[in-house]
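To keep things clear, I will list the structure first and then write my remarks on it.
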Amino acid sequence: MTPPTPRLFLIRHGETEWSLNGRHTGTSDIPLTVRGEEQIKSKAHILVGEGKPIDPQNLCVALVSPRQRAHRTFHLLFEHLPKVPDHIIDESVREWDYGKYEGLFKHEILAIDPKWEIWRDGCPGGESAQEMRDRVDCAIAKVREYHRQYFEEGKGTRDVLIIAHGHFNRVLISRWIRFELALGTRFNVEPGGVSVLSYNHSSLDEPALNALNLYADLK
């Protein structure tokens with residue numbers, strides 16, 4: 001019998017002060033706002049638990065960005081359960097390094113470089129678009145190896161969870177479905193939103209986007 005198709009749950013951290021006001025937040029370790037914590041708590045009982053979409057029994061591995069906004073999001077999702085699942089703090093799922101543009105609003109960046117486009121130009125002093133693409137591709141390869149071992153060898157369990165960031169998640173969605181990273185500009189990834197990535201026709205050669213911004217607070 002063919003096992004259930006493996007999935008990747010990709011979640012953006014909850015709201016921070018900088019995500020709310022539009023500052024580019026890469027390496028800065030900004031905490032969740034009170035509202036950001038409530039965003040995650042309000043969906044935890046719906047999303048996480050036995051028989052729920054994210055069932056710890058099905059969770060092969062959880063990869064969490066080292067920034068506190070992502071780590072706190074992870075713990076808030078699971079704090080209502082008797083045991084928080086093991087997880088890996090993974091630099092490969094950190095946010096785009098904005099370099100000299102860290103903490104700036106987009107209009108401030110455009111005042112410096114009126115033609116700037118992150119999807120093409122990357123960030124001076126941070127990561128180029130190619131470097132971001134390469135890092136995300138490595139993270140995807142890691143996820144797909146977990147999926148392959150489960151689906152083809154019966155090792156581990158079905159699901160992988162990543163808790164990360166806005167630009168990172170948009171790039172990952174684009175690359176998962178084998179498009180250039182610039183397609184990410186067409187996706188809105190809301191704070192606390194859940195994306196589900198899997199495969200069509202139970203084939204690991206047909207990666208697909210199943211859902212975007214599930215349970216997001218769109219107010």
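The values are calculated or read from the model by the stated rules, or taken from the named source; none is laboratory data. The model shown is predicted, which means the values in this text are computed figures rather than measured ones. Heads up, the Cβs are rebuilt from the backbone with ideal geometry, glycines too, and the neighbour counts pull from every protein chain shown. The protein model used for the area step is the full one, side chains on, heavy atoms only, and it has no ligands, DNA or RNA in it. Shrake-Rupley method; radii C 1.70, N 1.55, O 1.52, S 1.80 Å.
The residues of segment 21-43 that are surrounded by fewer than 20 Cβ atoms within 10 Å (Cβ to Cβ) and part of a helix (DSSP H, G or I), listed by number, are ASN21, VAL34, ARG35, GLU37, GLU38, LYS41, SER42.
Kindly evaluate PHE179 against the criterion of being touching a residue at least 12 places away in the same chain (Cβ under 8 Å), aromatic (Phe, Trp, Tyr) and farther than 17 Å from VAL64 by Cα.
Numbers: touching a residue at least 12 places away in the same chain (Cβ under 8 Å): no; aromatic (Phe, Trp, Tyr): yes; farther than 17 Å from VAL64 by Cα: yes.
No.
Among the residues of segment 74-95, those identified as within 19 Å of VAL143 (Cβ to Cβ) and either touching a strand residue (DSSP E or B) at 6+ places or on another chain (Cβ under 6 Å) or part of a loop (DSSP other than H, G, I, E, B) (or both) are PHE74, LEU77, PRO85, ASP86, HIS87, ILE88, ILE89, ASP90, VAL93, ARG94, GLU95. Just give me the residues in segment 44-73 being assigned to a loop (DSSP other than H, G, I, E, B), under 17 Å from GLY193 (Cα atoms) and open to solvent by 20 Å² or more (accessible area, probe 1.4 Å), in sequence order. The answer is LYS52, PRO53.
Take LEU209 and decide whether it is in contact (Cβ under 8 Å) with a residue 40 or more places away in the chain, part of a strand (DSSP E or B) and of a type outside the set (Val, Ile, Thr). No.
Can you say whether ASN188 is surrounded by fewer than 14 Cβ atoms within 10 Å (Cβ to Cβ) and under 20 Å from GLY122 (Cα atoms), as far as the supplied structure shows?
On the way: surrounded by fewer than 14 Cβ atoms within 10 Å (Cβ to Cβ): yes; under 20 Å from GLY122 (Cα atoms): yes.
In short, yes.
Within the option set ARG170, ARG175, being over 16 Å from LEU204 (Cα atoms) and within 13 Å of the chain's Cα centre (by Cα) holds for one residue only, ARG170.
Only residues that are under 11 Å from PHE9 (Cα atoms) and assigned to a loop (DSSP other than H, G, I, E, B) were counted across segment 159-203, and they come to 1.
For segment 39-67, the set of residues classified as more than 28 Å from GLU145 (Cβ to Cβ) and either of a type outside the set (Ser, Thr, Tyr) or modelled with pLDDT of 95 or more (or both) consists of GLN39, ILE40, LYS41, LYS43, ALA44, HIS45, ILE46, listed by residue number.
Taking segment 96-132, which residues are assigned to a loop (DSSP other than H, G, I, E, B), in contact with a Ser or Thr (Cβ under 9 Å, 6 or more places away or on another chain) and open to solvent by 20 Å² or more (accessible area, probe 1.4 Å)?
In the first step, residues of segment 96-132 are kept if they are assigned to a loop (DSSP other than H, G, I, E, B); the result is 96-98, 102-105, 113-117, 122-128.
Next, from what is left, pick out any that are in contact with a Ser or Thr (Cβ under 9 Å, 6 or more places away or on another chain): 97-98, 102-103, 117, 122, 126.
Once the filter is applied, which keeps residues that are assigned to a loop (DSSP other than H, G, I, E, B), in contact with a Ser or Thr (Cβ under 9 Å, 6 or more places away or on another chain) and open to solvent by 20 Å² or more (accessible area, probe 1.4 Å), segment 96-132 yields ASP97, GLU102, GLU117, GLY126.
Picking from residues in segment 143-178 that are of a type in the set (Gly, Ala, Ser) and surrounded by fewer than 23 Cβ atoms within 10 Å (Cβ to Cβ), the one that is nearest to LEU77 (Cα to Cα) is GLY166. Counting the residues of segment 182-206 that are free of Cβ contacts under 8 Å to residues at least 40 places away in the same chain and hydroxyl-bearing (Ser, Thr, Tyr) gives 1.
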